[in-house]
1. Length gain on complete extension for the stretch residue 149 to residue 57, per 0.36 nm per residue less the alpha carbon to alpha carbon distance?
2. Measuring from label point to label point, each 7 Å out along Cα→Cβ, what is the residue 138 to residue 73 span in nm?
3. From largest to smallest, what semi-axes in whole angstrom does region 67-148 give when each is the square root of 5 times an eigenvalue of its alpha carbon gyration tensor?
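Derivation of every value follows stated rules applied to the coordinates shown; laboratory data play no part. Because the structure is predicted, anything quoted here is derived from the model rather than measured. Heads up, the Cβs are rebuilt from the backbone with ideal geometry, glycines too, and the neighbour counts pull from every protein chain shown.
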Ligand code: FES
């Protein structure tokens, strides 16, 4: 038998990433009648008229510094915290020539393309050449997360 020496590879499976368990409170998601009704013809996805889903989580509140903000690339939104516990969101696309804003500091959102500044409180232009405020985006803060409506 000319079998080669068996080489054992110690494959370290690093599968168990430390996923933070989401502490879901017992909010009681509305269980609509979960019975398979069997409506022939109607698709299972119901539109829902209540609108209790606030949208996708785009950030955690802990990611947004007080008096500052967090610029996201997808979606193109800048989330700010002008006052402790108060969060705002604006389009991150500059109203001058559509550059994405580059930084948030000292209470201002800064587009470095041509040096425009916007207020983190209401998106208004504090220094041109940008001709118009950054459009505000509706958000909801829930369970420590910021959801884009
Ligand atoms: S594109 Fe922002 S200042 Fe010109």
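1. On the way: separation 92, 0.36 × 92 = 33.12 nm, distance 0.91 nm.
Extending this stretch completely gives an extra 32.2 nm.
2. In this crude spin-label approximation the distance works out to 2.9 nm.
3. Values: eigenvalues 84, 32, 20 Å².
One finds semi-axes of 21, 13, 10 Å for region 67-148.
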